[in-house]
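Structure first, commentary second.
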Amino acid sequence: MRQINQPISPGTQPRLADLLHVTHPARYLGGERGSVVKDWSAVDVTFALAFPDVYEVGMSHLGSAILYRVLNDTPWIAAERAYTPWPDREAQLRANGEPLASLENGRSLAAFDLVGFSLQYELSYTNVLTMLDLAGIPRRAANRDGRHPLVVVGGPCAMNPEPLADFIDCAVLGDGEEVVLELCAAVRDAKTANLDRAELLAKLARIPGIYVPAFYDATYRADGRIAAITHRPPAPPTVRRRMVADLDAAPFPDEPIVPLLQTIHDRVAVEVARGCTRGCRFCQAGYLYRPARERQPDTLRRQIDNALRRSGYDEVSLLSLSTGDYTAIEPLLQNLMGCYADQKVAVSLPSLRVGSLTPALMEEIKKVRKTGFTLAPEAGSERLRQVINKGITEEDLLTASKTAFTLGWRIIKLYFMMGLPTETGEDLAALVDLAARVKATGRGTQGGADVNVSVSNFVPKAHTPFQWEAQLGREAIRERQDYLREGLKKRRLRLKWHEAELSVLEGVFARGDRRLGALLERAVDLGCRFDGWRDHFRWDLWQQALQETGIDPAFYLRARQSGEVLPWDHLDAGVSKAFLLRERQHALLGKATADCRFGQCSACGVCDFEKIRTRLADRTRLPAAVEPSRPTGDELPADLPKLRLTVRKGERAAALSHLEFMTAVQRAVKRAGIPVRWSGGFHPAPRIGFGDALPLGVASEAELLDLDLAAPCEAAAAMAALNRELPAGMAVLAAQPISRRTPSAAASLATAVYRVPLATTAPADLPARVEAFLAEASIVVERMKKGRPITIDLRPWVATLKVEPDALWLTLKSGSPLPVASHLLGLVIEDVRALGVCKTAVTLHEPATDCESGAGG
């Protein structure tokens, strides 16, 4: 770790020419709105928040966003982000000898004091080791010393981090908002006192909620089972997870980072509640996040208002394990609909439980985008739903589906699990029958009805009543999937399933122990990456690693005895083992356990009934909804002008695709508060007209776009407001009002001038090539488009060409500069893209005013 006051080497940002050779270069740019860049010389502790998946997934993780804000709100801490690079970028880093670096300052992860990984899924473990390798950080904790960062893990999988025990220094158990600051304070104190690594680990082991594997040892029986887990001082015998007592008072990021490309969950996300006490016996999250703690609705309104205003998003998602169970969901939803109707903001509820779908709630939900309605019965038969304590009946499900179809949904998605404890062939047959009955509830509704059936494979998880149960093996999974596929096909229903191999591997690591470290390391050496991605999962390599390390998956998929020592027994999730065993017995008897929010305490062991207890929202705590005040399209003045903007798309912004550029502008316009009209329909969009799409990698000093104003707005004020909100590398250079009768930006363009820098390897006969090109009436070339060859005639595109010592100038009437330059320079388009091509000026059709900008050719 860097000592306080130690000199700091500067970071380096990735080269644009390199990024243009990989997919989605915006993943690696950084500089997003809402990101925080601190001067390392002004802080005491640096923390890399490393997410072991691709940018689009990691940027959608709310927990990481919360920690990013908690850490950066602390003046003496600098937190930065890193994600697993896609294989093409990984290969590029290795070929260039460059380390994996943070987005904010471009510093190698090896330069940070702490590198913290969020473990959301067992199949991300290979990405953890890959990121350590790319950063030049020794994989194994035993091989690291004071020169290296502390490697920390958190998240749900950290409640059994034993497969990673050889590679991590510590794990944060439970809610991280408070303990992460205690962790950083301990690191700062250790740096000040010049403690060595062993002394620092001992200091960390004394912090409640921090597990240091180095102080624990496991011994094994001859049959492979664990004989005992022992600890050494100063570590405690067990480590209990941390819990935030009052979620309403907990910090929350109301100025989210706005990504430059579309992410998995591309919207404002607010956590309405944490914890669920419904008690589904297969659900690890339901036990790891107890007790149920809800935010007050007025707190949520304030967070949503701030996040929407500061992000420019047009959708907000209300997140929890079961949003429909949130005490104030109906008044909150009604309030949000009233507040944001004029702003065209949609509200989504991704996690709804059948039993919580009241008619009033569904009436509100129907106002939102009806793309698909999801119901999760989990099991097909009433008996099996009682085993898992699902608490919904077939009548509940059919009533909900009929209501959804009646209200206008056309597709219902049904989620089931297969391989649950005590499952029989009758249960599988009931699954097929139930799916068909759900589809039947849509008969006679307008527009027809369809059902998609998704069946995942049950994987027993630590700290649940089913942690002792057996998991189906690969062949058994495939047999049951075949049965369901054929049965559903006969009912004209589609099945989505999870690959058996993925589920087997997930099950091995979910209940695994430290002996799996060798397997994981070997799999990474063989090339395993992104195992949760179907297109990248290599079962053949995993089979090789299993064979070479002597690991038998069946040993980890087997049923456990109730008295057997489990790899995670020294980690306390707050729910007692006695309670879990009692719930397991209730499952076998088909006995229900009521939700303690609405009935008596189930004595799970989490609450102390003083600080740690259930906290529910007050339905009455809501500010009044603001009625829409903005005039509709019919009420707008007929002579209201548009605004035409000339926009710079600088070198780094050139790595954005045209769609990404459009989205960045739309969100900036919304943040700037510029009143624009909206299109009609169910998916309204701001009426912003863009010119022709600029190819990826091409910069511009003359992008035209038109704002269709919904209210008077001075051009200078709009320009200033937008320049405060646009991402780095983009700027408005000019703004002027234009008549509504003026042709659109795209239709106004007559020619565009491009400057193509010439490399030292430019052909010596380039002037002759240009002269020959201009002399021809037709220049037909072949290029690939979406994997297929097409022929295009370049000559009609070109108005003039000019060669200067350091540049080739193209004036085009239409088309892209890249194939023209590719043809003239004898380069492939990817190499031309990396030259730094720039649009320097445009001319407009008469009678519009010439709108040249920058240097011409």
Among the numbered criteria (1) touching a helix residue (DSSP H, G or I) at 6+ places or on another chain (Cβ under 6 Å); (2) modelled with pLDDT under 95; (3) not charged (D, E, K, R), which single criterion is violated by His265?
(1)
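Condition test on Thr74, is it at pLDDT 95 or above and under 24 Å from the mean Cα position of the chain (by Cα)? Before the answer, list the steps.
Working: at pLDDT 95 or above: yes; under 24 Å from the mean Cα position of the chain (by Cα): no.
Judged against the criteria, Thr74 is not a match.
Yes/no matrix, rows are residues, columns are (1) open to solvent by 20 Å² or more (accessible area, probe 1.4 Å); (2) modelled with pLDDT of 85 or more:
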position	(1), (2)
Thr323	no, yes
Ala328	no, yes
Leu336	no, yes
Asp342	yes, no
Pro350	yes, no
Val354	no, no
Ile365	no, no
Gly372	yes, no
Gly380	no, yes
If you check Ala198, Ala202, Ala228, which single one turns out to be farther than 23 Å from Pro156 by Cβ, open to solvent by less than 30 Å² (accessible area, probe 1.4 Å) and not in a loop (DSSP other than H, G, I, E, B)?
Ala202
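So for the stretch 433-446 (the condition being open to solvent by less than 10 Å² (accessible area, probe 1.4 Å), touching a residue at least 40 places away in the same chain (Cβ under 8 Å) and within 24 Å of Lys461 (Cβ to Cβ)), does at least one residue qualify? It would help to see each step written out before you state the result.
The initial filter retains those residues of the stretch 433-446 that are open to solvent by less than 10 Å² (accessible area, probe 1.4 Å), namely 434-435, 438, 442.
Okay, now just the ones that are also touching a residue at least 40 places away in the same chain (Cβ under 8 Å), so 434-435, 438, 442.
Filter again for within 24 Å of Lys461 (Cβ to Cβ), leaving none.
No.
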Of the numbered conditions (1) open to solvent by less than 10 Å² (accessible area, probe 1.4 Å); (2) outside any loop (DSSP other than H, G, I, E, B); (3) small (Gly, Ala, Ser), Gly106 satisfies every one except a single condition; which is it?
(2)
Residue within the stretch 573-581 that is under 32 Å from the mean Cα position of the chain (by Cα) and open to solvent by 50 Å² or more (accessible area, probe 1.4 Å) present
no
Would you call Ala841 of a type in the set (Gly, Ala, Ser), modelled with pLDDT of 95 or more and either touching a Pro at 6+ places or on another chain (Cβ under 6 Å) or open to solvent by less than 50 Å² (accessible area, probe 1.4 Å) (or both)?
yes
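Do we find that Arg560 is open to solvent by 60 Å² or more (accessible area, probe 1.4 Å), among the charged types (D, E, K, R) and farther than 22 Å from Ile392 by Cβ in this structure? Before the answer, list the steps.
Values: open to solvent by 60 Å² or more (accessible area, probe 1.4 Å): no; among the charged types (D, E, K, R): yes; farther than 22 Å from Ile392 by Cβ: yes.
Taking the combined requirement at face value, the residue does not satisfy it.
Test of understanding: among Asp569, Asp513, which residue is of a type in the set (Asp, Glu), surrounded by fewer than 19 Cβ atoms within 10 Å (Cβ to Cβ) and closer than 20 Å to Ala462 by Cα? If you could, list the steps in order and put the result at the bottom.
Values: Asp513 fails: surrounded by fewer than 19 Cβ atoms within 10 Å (Cβ to Cβ).
Matching residue, one of Asp569, Asp513: Asp569.
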Options Glu98, Glu56; residue that is open to solvent by 20 Å² or more (accessible area, probe 1.4 Å), touching a Pro at 6+ places or on another chain (Cβ under 9 Å) and not in a loop (DSSP other than H, G, I, E, B)
Glu56
I'd like to verify a number: residues in the stretch 244-259 that are open to solvent by 20 Å² or more (accessible area, probe 1.4 Å), assigned to a loop (DSSP other than H, G, I, E, B) and not acidic (Asp, Glu), how many?
4
Listed residues Asp513, Asp535, Asp482, Asp525; which is at pLDDT below 95 and of a type outside the set (A, V, I, L, M, F, W, C)?
Asp535
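May I ask you to list the residues in the stretch 138-156 that are open to solvent by less than 10 Å² (accessible area, probe 1.4 Å) and either of a type in the set (Lys, Arg) or closer than 26 Å to Glu506 by Cα (or both)?
The initial filter retains those residues of the stretch 138-156 that are open to solvent by less than 10 Å² (accessible area, probe 1.4 Å), namely 149-153.
Of everything in the stretch 138-156, those that are open to solvent by less than 10 Å² (accessible area, probe 1.4 Å) and either of a type in the set (Lys, Arg) or closer than 26 Å to Glu506 by Cα (or both) turn out to be Val151, Val152, Val153.
Can you name the residue in the stretch 157-172 that is in a loop (DSSP other than H, G, I, E, B) and of a type in the set (A, V, I, L, M) and, of all such residues, is surrounded by the most Cβ atoms within 10 Å (Cβ to Cβ)? Full working, then the answer.
The initial filter retains those residues of the stretch 157-172 that are in a loop (DSSP other than H, G, I, E, B), namely 160-161, 165-169.
Those left that are additionally of a type in the set (A, V, I, L, M): 165, 168.
Numbers: Ala165: 23, Ile168: 25.
Residue satisfying both the conditions and the ranking: Ile168.
Have a look at Val244, Val239 and point out the one that is touching a His at 6+ places or on another chain (Cβ under 9 Å) and either under 20 Å from Leu67 (Cβ atoms) or among the acidic types (Asp, Glu) (or both). I'd like the intermediate steps shown before the answer.
Details: Val244 fails: touching a His at 6+ places or on another chain (Cβ under 9 Å).
Testing whether each residue is touching a His at 6+ places or on another chain (Cβ under 9 Å) and either under 20 Å from Leu67 (Cβ atoms) or among the acidic types (Asp, Glu) (or both) leaves just Val239.
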Can you name the residue in the stretch 655-695 that is assigned to a loop (DSSP other than H, G, I, E, B), surrounded by fewer than 21 Cβ atoms within 10 Å (Cβ to Cβ) and hydrophobic (A, V, I, L, M, F, W, C) and is also modelled with the highest pLDDT among such residues?
Ala693
Give the stretch 407-432 a look and list any residue that's aliphatic (A, V, I, L, M) and either in a strand (DSSP E or B) or crowded, with 17+ Cβ neighbours inside 10 Å (or both), or say none.
Ile411, Ile412, Leu414, Met417, Met418, Leu420, Leu428, Ala430, Leu431, Val432
Within the stretch 793-819, of all residues that are under 19 Å from Arg783 (Cβ atoms) and polar (S, T, N, Q), the one farthest from the chain's Cα centre (by Cα) is Ser814
Looking at Ala772, is it surrounded by 12 or more Cβ atoms within 10 Å (Cβ to Cβ), more than 43 Å from the chain's Cα centre (by Cα) and part of a strand (DSSP E or B)?
no
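The values are calculated or read from the model by the stated rules, or taken from the named source; none is laboratory data. Bear in mind that the values here come from a model prediction, so they are computed numbers and not experimental data. Here Cβ is always computed from backbone atoms with ideal geometry, including for glycine, and neighbour counts include all displayed protein chains. Note: areas computed on protein heavy atoms with side chains; ligands, DNA, RNA excluded. Shrake-Rupley method; radii C 1.70, N 1.55, O 1.52, S 1.80 Å.
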